[in-house]
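J.: Questions regarding the structure given below will be posed in turn.
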Amino acid sequence: MTEKPSYAIMRIGKIRTRAVLDAVEWHNTRQIPAGIVEGLDLPEEWTEHTGSYRDRADKILKDTGATHEQGKVLAVEVLLTASPEWWATASKEMKRDWWEAQYTYAKHLFGPGLLAFTPHLDESTPHAQLVGLPLYHAIKKKTGPKPKDPEKLRKRIEEEAKASKIWRLSHDAVFGGGPVGLAMRQTEYHGFVAHLGLSRGKDTVGLGVKHIPLKHYSKLLMQMERDLARQTEELAEQRMVLEHYENEQKESFAKLAAQQDAIRHDELQLFANQENLRVREERLASQEASLAVRQAALKRDEQAAREAVRQLEERQTLLDESVNRHEQRKRELQASRDRLDAREIRLDKVEASMMHRENSVEQREHNAAAREAQNEAASDDIRSKNRDLERTLAQISILTGVMTGRLIVRWDGSDQPRVAKGSLKPDETEAMQALWPLILRAPLRHAMAMANIRKTLAEKLAAMLTRLRARRREVSTRETAVVFMEKTAQVAQTEAQRATAEAAKRTEHAAKIQKTADEASKRSQELKAEAESARQVANARIAQSERVEETVAQKRSELADLDAGVAAKKEGLMELGNELADGKAALAQLNRTSDALRTEHGDLTATKRALEKEVEELEIKGQRLTQERAVIDIERARLEKDRARWDRSVTIWTKAFEEGASVEERSGRDVIVFPSMEGRQAGIVSADDVDPWVIVLLKQKKALEAAMDATQQLADDLDGKKREFAARNPEQKDALEKERIKDKEYLRDAWANIEQGGDGR
């Protein structure tokens, strides 16, 4: 057996006057007796309002600017509760959650119009009593009759839609009007308490209510005529007939009200449809404007990106040319180095041969030591000259060391050179301390100046490399900022130009270094030539001394020849060493420059790829914007079609309403038939040419007119029956006459309410 469900319960009552509002307040606050359970807590209001319900209502109406028309709904009383079974089984926490949900729904339902929220715990079933003003935001209508011209009507509707909204009082606007609207509110309320295990009751909208048919009333009247003799029973039966007629009339009025509410609901829906069209138009206009701005920005970004790519390609081309030149220079230096290496190998072989010969000569000198003793004086002179020559060669070696950067020399206070950095060779130590001839002082000073220049150049190259790396890091950092693409492209262009200038400077500096090396080599050759000249002078002097003693001269001549050969080979080796060192330095510099250029080339390639990728992304974005434009164009066409159909429907509805057109079924399809007038035939409009709401409103209008006619006929019949009943029962004449007057007033008020209409009537 399944458990019986517990339901959420909602009851709504209308309050039309302040007197009724006072009565509701007296009941809710227990100022008048009520069916309460003794011993339970009295009601305590949750709202922050003070004063009577009447004062609260007047204050809210004043604050919001809303007005209450006499005869219409002033306030609404809502009772919220649950099945008794739920209250019996619910936990304390569930009950607390239920009360919080009721208060939340009360604020949602009435908003600023909430007058009171009163929990009633002193009755058999706990419940909440809500009282509030049915406030809603409405469009401020223009005064005067509505234009007949469709275009003027459309403009007026657009102006009203754009106007500021005002607060209005309407039960139908808040609760929907009729059974359908109340059912929607009950469904809405169930959404606030569904989590507590409460179910929604059965929706009875559309099921209908069975009433007594009119033919039954005719039978009752015939029975009344047959039983006139029985006055008591006749009076009761006639009163019953009158009550049935009154009930039927009330039901007829209820149907009229329901039909009127349905028409008003549909008319309000028309305004919602029109507002939807306006919102769609505004949204499309905003989307089109945004799309235009985005397309313009995209075009600018694409142009900037393509320009940056072009500049990078130009920069890359220049770098490629520079790299090619450096590679060519590197290959040339490498070939020269290979030639020097081969020459060095050959000289090493010659030196080995000379060393062998020198050893042989030394052996021969040892054998002739006895003979040389006789010529000691002449030999001492020769050795002295040789020492001078070796000292000169050592000083030339020091000079070469200074030129190659092996040594750094400074002049002291006594105008004597001293070693500041580097190590001297054993044969160079004495030569450094000896007196330097004038012929070597000038080249030494020049070599020292060249060393300073080389140091300065090295420092400048290091600084340039540091700045280049710093700029490269800066370029890399800026190029990663996609948001500032245009600025980054400009910086990349500037850096490319600077890098190109720096590359040209580095090439110029390399050329200067090469030129300096060539000048140093040339100067070294000149110094070697001067040394050779000095050696020739020394040889001449030796030759003169050798002529004193022919035997010793012959041997010394051989020794001199050998010394000259060794010296020449040493000079050749020194020259090769200098050339090799210079070539290695230039080659190392070119290698470093080539590595830097390759690194820069790689960075530029990566930057180019990033920019190309960004260009592709921009193209994809452009395609998306084009697709979006196509969608907007389709939506614009659809909107214009809907707008044209709407305008035509409004025009036909206005014309049909004014001319009293009707809806008929012809060939299985609905058509709108306009009545024939003088001078023209009846017109027919297919239902397919207008929106469905036109057909619905025309049918509802026809049904309302028929119901009004039937109600009027029923009221006339009821009035006739009351006249007959008064004629047959004079004692009831005054009471019946008052009822007839009251019925006529009620009918007149009903017709006036219908004729007054609502929004969009």
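Every residue, every condition in (1) farther than 24 Å from Val24 by Cβ; (2) assigned by TED's automatic domain parsing to the domain that holds Ala258; (3) at pLDDT 80 or above, yes or no:
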| position | (1), (2), (3) |
| --- | --- |
| Met94 | yes, no, yes |
| Trp98 | no, no, yes |
| Ala101 | no, no, yes |
| His108 | no, no, yes |
| Pro112 | no, no, yes |
| Leu115 | no, no, yes |
| Lys142 | yes, no, no |
| Lys162 | yes, no, no |
| Leu182 | no, no, yes |
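J.: List pairs: first in region 394-423 and over 22 Å from Glu571 (Cβ atoms), second of a type in the set (Asp, Glu), Cβ under 7 Å, 6+ apart or cross-chain?
T.: Arg418/Asp412
J.: Identify the single condition in (1) closer than 25 Å to Asn578 by Cα; (2) at pLDDT 80 or above; (3) of a type in the set (D, E, K, R) that Asp348 does not satisfy, given that it satisfies every other one.
T.: (2)
J.: All but one of (1) at pLDDT 75 or above; (2) loosely packed, with under 13 Cβ neighbours inside 10 Å; (3) β-branched (Val, Ile, Thr) hold for Thr480; which doesn't?
T.: (1)
J.: Counting only residues that are surrounded by 16 or more Cβ atoms within 10 Å (Cβ to Cβ), hydroxyl-bearing (Ser, Thr, Tyr) and within 45 Å of the chain's Cα centre (by Cα), which one in region 86-122 is farthest from Trp46 (Cα to Cα)?
T.: Tyr105
J.: Being modelled with pLDDT of 75 or more, touching a Lys or Arg at 6+ places or on another chain (Cβ under 8 Å) and closer than 30 Å to Arg643 by Cβ: is that true of Leu312 here?
T.: no
J.: Filter region 305-325 down to residues that are surrounded by 13 or more Cβ atoms within 10 Å (Cβ to Cβ) and polar (S, T, N, Q), then give me how many there are.
T.: 3
J.: Take the conditions of a type outside the set (Val, Ile, Thr), crowded, with 16+ Cβ neighbours inside 10 Å and assigned to a helix (DSSP H, G or I) and apply them to Lys330. Does it pass?
T.: When the stated conditions are applied, Lys330 passes them.
J.: What about Glu237, is it at pLDDT below 65 and in contact with an Asp or Glu (Cβ under 9 Å, 6 or more places away or on another chain)?
T.: Considered against the rule, which asks whether it is at pLDDT below 65 and in contact with an Asp or Glu (Cβ under 9 Å, 6 or more places away or on another chain), Glu237 comes out as yes.
J.: Do we find a residue being closer than 23 Å to Gln713 by Cα and either in a helix (DSSP H, G or I) or at pLDDT below 60 (or both) anywhere in region 264-272?
T.: No, region 264-272 contains no residue that is closer than 23 Å to Gln713 by Cα and either in a helix (DSSP H, G or I) or at pLDDT below 60 (or both).
J.: Search region 395-419 for residues being among the small types (Gly, Ala, Ser) and within 23 Å of Arg454 (Cα to Cα), and hand back the single one that is modelled with the lowest pLDDT.
T.: Gly405
J.: Go through region 652-761 and tell me which strands (runs of 3 or more DSSP E), entirely inside it, have 3 or more residues that are at pLDDT 75 or above and aliphatic (A, V, I, L, M).
T.: Where strands (runs of 3 or more DSSP E) fall fully within region 652-761 and carry at least 3 residues being at pLDDT 75 or above and aliphatic (A, V, I, L, M), they are 669-674.
J.: OK, next. Could you tell me which residue of region 69-116 is farthest from Leu133 (Cα to Cα), considering only residues that are among the β-branched types (Val, Ile, Thr) and not in a helix (DSSP H, G or I)?
T.: Filtering first and then ranking leaves Thr81.
The values are calculated or read from the model by the stated rules, or taken from the named source; none is laboratory data. As the structure is a computational prediction, the values presented were derived from the model and not from experiment. No Cβ is skipped: glycine too gets one built from the backbone with ideal geometry, and neighbour counts run over all protein chains shown.
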